[in-house]
Each structure stands twice: as C-alpha cells, then as structure tokens.
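Computed from the coordinates by the stated procedures, all read-outs in this text should not be read as laboratory data. Bear in mind that the values here come from a model prediction, so they are computed numbers and not experimental data. Using ideal geometry, Cβ is built from the backbone for each residue, glycine included, and neighbour counts are taken over all protein chains shown.
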Amino acid sequence: MKKPLILMCVSLVLIAALGLGVVSAQEPVTLVFWSMWNETEGQARVLQTAIANFEAANPNINVEAVWNGRQNQTLVRTALSSGSQVIDLMDQDADQIAGGLMREGFALPLNDYLQQPAFDHEEVLAEVFLPSTLEMFALEGNIYQFPYIYNTVQFWYDKRIFAEVGAAVPQTWDDLLAVCSTLIDAGYAPIAAEGNEPGYAAFYLTEMLARLKGPGWLRQAAADATGEMWRDPAVLRAAQMTRTLWDNGCVPPETIGYVWPQGQTTLAFGTAAMELVGSWLPVELQTQTDPDFQWGGFSFPAIEGGVGSTSDVYALLLAFMINKDTAHPDEAFAFLRYVMSDEIQQLFTDESLVGVTNKYITWNPIIADASATAAAATSTYGDVDNVASLYSEYLNTILYPNYVSLWQGAVTPEAYIDMMATQTAEYWASHS
Amino acid sequence: MTQQSLTAGRSAALSTRTRKRRIQLRQVPSYLFLGAWSAFTILALSWVVLASVKTNREVFRQPFQIPAEPQWVNYERVWSNSQVGQSFLNSLLIVGVSVVLILVVSAPASYILSRARFKGRGLLTMIYIAGIGIPYPLLFIPLFALLAGIKLINTMPGLILIYVSLSIPFTVYILTGFFSTLPQELEDAAVIDGATDFQVFRKVMLPLASPGLLTASIFNFIGLWNEFQLALIFIQDPDKRPLSLSLYTLKNSMTYSGDWAGLFAGVVIVVVPTILLYIWLSERMISGMTLGSVK
C-alpha cells in the first residue's frame, strides 16, 4: 500500500520540479549567455526578467549575460574560435545563425531536448512552437536553433486610410494595383518604400517569386551555376511587376531619393498608406504615429498563374543556439524551456511589442494581423528565401545590387535578366 | 633721394601691393570653401542639438523648426539608459594610459634603432615597421586566445595592452625619423661631459625629440579615441566600454526602437566634451602636427 503512495509522491515532486523549471543538478553552474541585444532594449529587459526568475527557481544556476548587440555572432565566433572563452548559449537572427555558427558546426542538436514536456502545457515542447518555425533551419533532420521571436514580412497599412477610400485588403496582384489607383485618386501615396535599402527592396523580389514559383525556387536560382534559371519567364514577370509599381505611381517617384527611415515616416504621417516590411515597423514608428493610428497587416497577394500561396510566410525569426561544446547542455536547455513559457513569451509581446513563437500567446494588438499570418502559415521561408543564410556573399555582390538597379529604374527588366543570368554563372565559376 | 629713385621706390611698393592683392584674390576661393565647410559643420551640429530636444514626431515633421516645447526628457532618458558618462571617463583612462605607455616603449626603441650601430639594425627596424601593414581582423582570434590565457579579456588593462602593442610600429616609424635627424655632435658632447648612455638619451636626445613625441602622442590619441573594432571584440562589460563602443550601443538601441530624438541627445552628450577637449588642446595639436610634417 505504501509503495504506490511513495511512487505517487515522488512523481508529484518531479512534476512540480519540472513545472518550475528546476534542474536536478545541485552543484553550482554558471551559464554564459552572449546576446544580440543591448542591455537597455526592451527584449533584453524581458530576458533579464527571465534570467532573474530562472535563477530564483534554480539557486545553483547563475546565468551570466553579456549584451553584445547586433555584432553578437561575430564576437561569439571570435571567442569560440580562440578556444579560450566559455559560451554556453547565444542568440541572433535565425538566418544569420544558419549561415554562420550552425553551418560552421558550433551548434548542439536539440531534437531530444525538444521532446521534453512543455513548461506549462501537457504536450511536448516541440508542439508548443508555431507551425514551420522549429524546422525552418533544420539540417539533415537535426534542429539546431530554438526560435523565440517571430517577425513576419507583409504589407503593413493604415486602416483609417483604407476605410476612408473604401479599399478592401487586396487578395491578388490585380487587387493591389486597383487599390493603388484608388489611393492615388484620393491623393495618397499608395506604397511607402526606401530608395536604396537593398534588404527592403528585395522583399518584393522574394515575395513575387515565392508567389509565382513557390518558396525555395529563388534559393535554387541563386545556386544555379549556369545562371539559366534566371531566364525563367517568371523572373521577367517579377521584374516587370517591380517596374509596374513605379510606373503606375504605386511607389511615388520621389521615393528614389529616400534614405531609411525617410520612406517609412511617410506612412507614419499619413501621406502613404502601406509598406511591405517586417512586423517590427509598428514598433519603430510608435513614437511618430498618431495615438489613434490603426495598424493592419496583410500577406503579399497571390499572383495569377503562380503556384505559391498567401499562407507561405516570409518569416524572420530570432533564435537561441546552444554551443555543442557546453559543459552544461541540460541547464542551458532548461533556461530555453523557461523562455518558451507562456509567462515569458507573453512578456515579450506585451513589453517589446514583438511576435513570439509560442502558439498559445496572443500577440500584442498592434501586430495582431501578423499573429494571424503566423498562425495560418503552411510553410515559411527565411530572408530572401534563405539566400541570406546560404549564399550571403552572392546576395550582397550579385542579387542585391542588381535588384536595386532594377528597383531604381537604372536597368530594364530584360537587362536585369541578362545581368542576373550572366553574373550568377560568373560568380559560381569563380567560386567553384 | 633723387626723383628717379623715388619713382623706382613707388613702383616697387605698387608692385608689392598689386602682388599682395593678387595673392588675396587667389585666396578668395579657399576662404569661400573653408567658410562654406565651416558653415555646413556648424549647421549640422546645430541641427543635431535642435533635434535632441524635439519629440520623435517633430524630428521628421518639422526638421528645421524650433520645438514647441523642449524635450529635456530625451537627455534624462539617454543618461539613465546608457552609460555615456562612465564611457567618457573610460575612454580618457584607456587612451591616456595607452598613449603614455606607447611613448615609454617606443621612444627608447626608436632612439636605439635610429642612432645605435649594430648588426641586423635595418632588419629589426623593418620588422617593427612591418607591423603597420597587418590588418586588425587577422589578429582577433590569436589576440583573444592570448588575452584569455592571461585573464585579461573584458578588462581595460587588456585593451590597453592591445592598443600599446598595435600602436608601437607606427610610433616607432615616426620617432625613428625624428631621432635620426638630431645632430651626432650633441651626443658626442654629452659623452665627453661624462654622461652615461641612458643620460644621453634622457637628458639630451629626448628633450630634443619632444616635437616628435608630441606628434606621435597626438596621432595615437586621435586614433585610439576613435578606435572601435578592437574595443568591440575585447570589451563586453557595459561598465568598461569606451566612448566609441558606447555610442554604437546607443545608436543600435535607439534606431531599433525608433527613438531618434534620444539618439541625437546621446550624440550631443558624446560630442560636446570631445569638442571642448579639442578646443582646449587644439593649438598644441596643430603645432605638434605641423612640427611633425616638417620633420
């Protein structure tokens, strides 16, 4: 009679311990965490809260955070390569980790750890993540990254202007052009954009090709050593669509001289109606918009004849990575498991106005439409359809400069195709 | 004085005046250029100061207007959220100590390399000077390993050690030039008067090379004050950051949160003491650099 009682008590204690994020090890452990945030940023403050709570629940664990800012991966790489600095975990843009430390073999596979119970739900931890986030940068079945912040790239618009002119959210490319005409007639600049910001301009190329050819096609074209994939009629169509935006006045001509953040301020001040950009935009503009500004978001519209869907989501995730050589992988993962708790994930979205990867969390109302997009995602792709993580040199020397030339009207769509096909072949010939 | 000589004198004076006027006329474009440059710089700085007391909305909506109500709270926010004051003191300490140590090491080395006669002197000088050509990024990993080995990572002494080591080649290059131009007779005279080798260096040659030392100090001070790359790699603790790193951190956190007015307030906090320091030292700096160029 006693045995089952003891077993039950032991089980209850274990469950309670897991619930509080308590790790079994009792000897003092110091986890060194190098972060991409500066110590005064909102996200860093949430992580500081998470660290304090985690340390309180695990008195034997001390999390030593180093707030390096956006150069974090470079600094981590230098430190790890020197072989003399202990770093147990770090965080950065998932694309950058995938193309950097992960590819260089510094990351610990997390598959087994992700089968642990979730912090505050009955299912396993892997099930708590929003669809297509954990697997986004998986390599040969191994998951090396632990995404915790979720940015979507989509059109962000001023709902008041759309309501005023009677425009509905465009579902197709033709709808988008029709909304542009309506907005122009009403005296608005339809699309806010930056003149020479390659990353922002390339959102259009990425989305157009994802809708026309499906996610993954652009990254194949980038890797095509012959360059011939760039001669696909879909690329010409995407290039022509890019120029149509300018020629029709959807993107106002003065945009060509805008330097970031000049373009996006036109949206904040009610001159322009929408912008294709990440879900960080409402945060960046929160001190510039009217208090009653109403943010809305919609996915890049479908394109007639295209194979891609509006539920294919351009996702820019921020993720943790555990160093494969850490002496404390269990404790490091216990901390990540706590970061994924409802409490901390809710804090991220409430305090820092960012999207998160925990499917149970209601995102901050300012980015509610991004939350809906993320929840409905049937597939996700990273920056420039993952070209940023796989072929960053190609991106910066071939793809970006040529697309900016097209974006600014310095070359015709036909010339752009030739340039891409020729230069891609030359690039891979010299990088074989 | 004859009429002829008077006429000659007058025409000479006239031609001197004409030449002066021509010279003055020729200088007009230079003055215009310098005037425009100064006006632009003053305008840009004034704009930054003005923007620092605006709301974020005003920065973009009314970029050239006086703010309706000065937002001193921007300064409060930056001062409490960042550590620019501490970083300024850190920079003074790191750069000041580094410059002194660079001279302590480089001056004797340059003196020996330029004046002593021994086998391999040329090669040794070349090895010193070759250090100028090594790009910093190549040194990141080995330096990190070395510094971690002696437990000086993330410390100001560690950064000072790196600054001193990497500045020696350039300083030796400058100072060997100065020392080699000093007359041999002064050294000989001091030896005849009974001075030891060290006394010759300390009491005779070093004071004569002071313009060179000043030039080297100024170049090193300016270079290290603005140095960013090495500080970024080797300092992680916010309390130990030099000003360049602190400004970078401030720029990142302010731009990502869209707090442009706060960013400008931070820039003013950083720039004003630097400008005051420059005004205080400008005469010495310019004279030092001019002397350096002649040598």
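Annotations
- Relative packing of A:99-110, B:165-176, which averages over residues the other C-beta atoms within 10 Å, highest first: B:165-176, A:99-110
- Under the membrane-span-like helix rule (DSSP H runs whose alpha carbons stretch at least 27 Å along the helix axis, mean Kyte-Doolittle hydropathy 1.6 or higher), chain B yields B:84-115, B:156-180.
- Over region B:211-263: Rg over Rh, Cα atoms, Kirkwood Rh: 1.15
- Panel note: the C-alpha atoms of region B:99-187, placed on their principal axes, show extents of 49, 24, 19 Å (largest first).
- Region A:116-249 pair-distance distribution - Cα-Cα, 5 Å bins, rounded %: 2, 7, 13, 15, 15, 14, 11, 10, 7, 5, 1, 0
- Amide H contacts of A:Y148 (H built 1.01 Å from N, in plane; Pro and chain starts excluded): A:L318, A:A319, A:F320 sit under 5 Å, all sequence-distant by 5 or more or on other chains.
- Per residue of peptide A:33-44, the mean number of Cβ atoms on other chains within 10 Å of the residue Cβ is 4.
- Label-point gap, in nm, between A:E393 and B:L208 - each point 7 angstrom along Cα→Cβ: 5.4 nm
- 5 Å-binned pair-distance histogram of region B:40-165 (Cα, whole percent): 2, 8, 11, 11, 12, 11, 9, 9, 9, 7, 5, 3, 2, 1, 0
- Summary of packing: across the peptides B:80-89, A:31-40, the per-residue average of other C-beta atoms within 10 Å ranks them, highest first, as A:31-40, B:80-89.
- In terms of Cα atoms, the Rg and Dmax of region A:361-432 work out to 17.3, 49 Å.
- Given +1 at the Cβ of Lys and Arg, -1 at the Cβ of Asp and Glu and no other charges, the dipole of region B:102-221 around its Cα centre is 320 debye to the nearest 20.
- Report summary: the helix-based calculation at 222 nm, which adds -39500 (n - 2.57) for every DSSP H run with n ≥ 4 and divides by the residues of chain A, gives -12500 deg cm²/dmol.
- Note on A:73-84: average number of Cβ atoms from other chains within 10 Å of each residue's Cβ is 5.
- Residue by residue along B:247-258, Cβ atoms of other protein chains within 10 Å of the local Cβ number 6 on average.
- 222 nm mean residue ellipticity, helices alone, for chain B (DSSP H n ≥ 4; -39,500 (n - 2.57); rounded to 500): -25500 deg cm²/dmol
- Packing around the peptides A:69-81, A:347-359, B:138-150, taken as the average count of other Cβ atoms within 10 Å per residue, puts them in this order, highest first: A:347-359, A:69-81, B:138-150.
- What the Kirkwood sum gives for region B:74-294 is a hydrodynamic radius of 19.5 Å, with every pair of different alpha carbons counted.
- Computed about its Cα centre, the charge dipole of chain B is approximately 1140 debye, with only Lys, Arg, Asp and Glu carrying charge at their Cβ.
- Reciprocal mean inverse distance between Cα atoms of the protein assembly as shown - Kirkwood radius, Å: 30.1 Å
- Considering only A:A57, A:A368, A:A98, the mean-square fluctuation computed in a Gaussian network model of chain A, springs between alpha carbons under 10 angstrom, is largest for A:A57.
- Residue-by-residue Karplus 3J(HN,Hα) for region A:26-42, coefficients 6.51, -1.76, 1.60, Hz, glycine and proline x: 10, 6, x, 10, 10, 9, 9, 10, 9, 10, 7, 9, 8, 4, 9, 6, x
- Count of lysine pairs in the protein assembly as shown with Cα separation under 25 Å (8 or more residues apart, or interchain): 5
- Ranking B:S106, A:L75, A:A192 by how far each Cα lies toward the positive end of the dipole of the protein assembly as shown (charges on Cβ) leaves B:S106 at the top.
- nm² value of the averaged projected area, convex hull over the Cα atoms of chain A: 23.4 nm²
- Here's the picture: charge each Lys and Arg Cβ at +1 and each Asp and Glu Cβ at -1 in chain B, and of B:L175, B:P135, B:I94 the one pushed furthest to the positive end of that dipole is B:L175.
- D by Stokes-Einstein for region B:172-295, Kirkwood Rh over Cα pairs, 20 °C, 1.002 mPa s: 120 µm²/s.
- Working from the Cα coordinates of region A:264-398, the gyration tensor eigenvalues give, after taking √(5λ), semi-axes of 29, 23, 16 Å in decreasing order.
- Globularity index of region A:115-169, i.e. its alpha-carbon radius of gyration over 2.2 N^0.38 Å: 1.80
- Extended-chain gain in nm, criterion 0.36 nm per residue less alpha-carbon gap, B:S38 and B:E69: 8.3 nm
- Estimated dipole of chain A in Debye, rounded to 20 [Cβ of Lys and Arg +1, of Asp and Glu -1, Cα centre]: 480 debye
- Per-residue Cβ neighbour counts within 10 Å put B:F264, A:F293 in the sequence A:F293, B:F264, beginning with the fewest.
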